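Reviewing the structure listed below.
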Amino acid sequence: MQKRSPRIAVVPGDGIGVEVIAEGVRVLKHLAPDLELEHFDLGADRYLRDGVTLPDDVFMRWRDEFDAIFLGALGDPRVPSNVHAKEILLGSRFRYDLYINQRPIRLLDARKCPLKGKGPSDVDIMVFRENTEGLYTAVGGVLKKDTPDEVAQEACVVTRKGVERIIRAAFEWADANGKRRVCMSDKSNAMRNVGQLWQKVFRIVAAEYPHIEASHLYVDVLAMELVRAPERFEVIVTGNLFGDIITDLGAILQGGIGLACSGNIHPGQLGLFEPVHGSAPDIAGQGKANPMATFLTAGMMLANLGRPELEVRIIEAVRVLLLADQTTPELGGTLTTSQVTDALLEQLG
Ligand code: ATP
């Protein structure tokens, strides 16, 4: 039977999401013309128009018919509750069980790194953040609300299965990509119950990969070490909250939010790929949004669809553009969003 082309659900979303996804689509069409792209009108405009966030029929179509979701950004000042973003983005993460949040910290141009004397060979890390558990499950509650005795509780929910699969994903990726160091980070000195489960499972899984050095750092020490000596790290695996924070630190190490990409993945199933930045209403509609994070996100999506050579081409082309200052103003260039894409396409040939 002939294998069908990968099918991508394209969700531009809000603000600069719409602008950068249009550019990302140009790159995808150039590099992988066989992809089937279908656009979905979901986001703040749609929510304000007819109250729709993520309809059930769309949720099921994506699950059954698509290989990946290519998402811009969600967030709009006209929707202060952000309900549409929560239901589309967090809804997808949890309902499709996308337990891996994979975020590279990869410096392409030494001049963009705020650390003195560090270059691309010092900052090249893949972070595996657990994406469905921890402190982000909304398990908890409020008691005696709006009284002087108000009590709030947020439970850190961690399962052995959840911890094992994210740790295994980190080791598997390290193994497949020639990496030899995996560092697990937690706060087991203070959060003992959850920490001991992470520690135990990490030891068990690491033993299956004796050729990979397994180390551990408390997350506060990791934060310091990422700034002092990022070259120590190849692969980091951590929980939901710590991963969220550490990867934002990492975004700055590699040159800013305009370069940070991410994938929400459950191997063998539909994945959701998005630039890390938000909808940035302050610069929306002005041609100032840097589309490079979206190009790198497209690369990550292509790698996950079994085309890693296309990701390498995108990374190398972005590197050339950065070194030539062919960027948007926030990185010191003078190009508009679509001019950056023109330059990238020329570079890709
Ligand atoms: P949220 O994450 O809550 O949606 P946001 O969209 O306001 O928030 P971020 O994505 O965190 O913000 O970005 C903060 C600021 O960084 C933006 O307001 C914008 O000025 C700038 N910024 C973000 N992404 C880009 C980009 N791709 N290109 C250029 N500047 C950006």
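The values are calculated or read from the model by the stated rules, or taken from the named source; none is laboratory data. Not measured: the values here are computed from a predicted model. Note that we place each Cβ from the backbone using ideal geometry, even for glycine, and neighbour counts take in every protein chain shown. The area values use the complete protein model at the heavy-atom level, side chains included, leaving out ligands, DNA and RNA. Shrake-Rupley method; radii C 1.70, N 1.55, O 1.52, S 1.80 Å.
Of the helices (runs of 4 or more DSSP H) lying entirely inside segment 263-349, the ones with 1 or more residues being β-branched (Val, Ile, Thr) and more than 15 Å from Ala73 (Cβ to Cβ) are found at 308-323, 337-348.
Filtered by the rule that a residue be within 11 Å of the ligand (Cβ to nearest atom), open to solvent by less than 10 Å² (accessible area, probe 1.4 Å) and under 14 Å from the mean Cα position of the chain (by Cα), segment 262-291 gives a lone residue, Pro275. Whether any residue in segment 201-208 is touching a Lys or Arg at 6+ places or on another chain (Cβ under 7 Å) and either in a helix (DSSP H, G or I) or not charged (D, E, K, R) (or both) is what I want to check. Yes: segment 201-208 contains one or more residues that are touching a Lys or Arg at 6+ places or on another chain (Cβ under 7 Å) and either in a helix (DSSP H, G or I) or not charged (D, E, K, R) (or both). Of all the criteria given as (1) at pLDDT 95 or above; (2) of a type in the set (A, V, I, L, M, F, W, C); (3) open to solvent by 60 Å² or more (accessible area, probe 1.4 Å), the one not satisfied by Ala9 is (3). Sub-7 Å Cβ pairs linking a first residue in segment 260-289 that is in contact (Cβ under 8 Å) with a residue 60 or more places away in the chain and farther than 27 Å from Phe59 by Cβ to a second residue that is assigned to a loop (DSSP other than H, G, I, E, B) and more than 11 Å from the ligand (Cβ to nearest atom), at least 6 apart or interchain, are Gly287/Thr336, ordered by first then second residue.
Listed by position, the strands (runs of 3 or more DSSP E) inside segment 25-125 whose residues that are more than 21 Å from Pro281 (Cα to Cα) and outside the structural domain of Ser338 (by TED's automatic domain parsing) number at least 1 are 100-106.
Taking Lys187 as the residue in question, decide whether it is open to solvent by 20 Å² or more (accessible area, probe 1.4 Å), touching a helix residue (DSSP H, G or I) at 6+ places or on another chain (Cβ under 9 Å) and free of Cβ contacts under 8 Å to residues at least 12 places away in the same chain.
No, not satisfied.
Among the residues of segment 220-248, write down those that are part of a helix (DSSP H, G or I), crowded, with 19+ Cβ neighbours inside 10 Å, out of contact with any Cys (no Cβ under 8 Å at 6 or more places or on another chain) and of a type outside the set (Gly, Ala, Ser). Passing the criteria: Leu226, Pro230, Asn240, Phe242, Ile246, Thr247.
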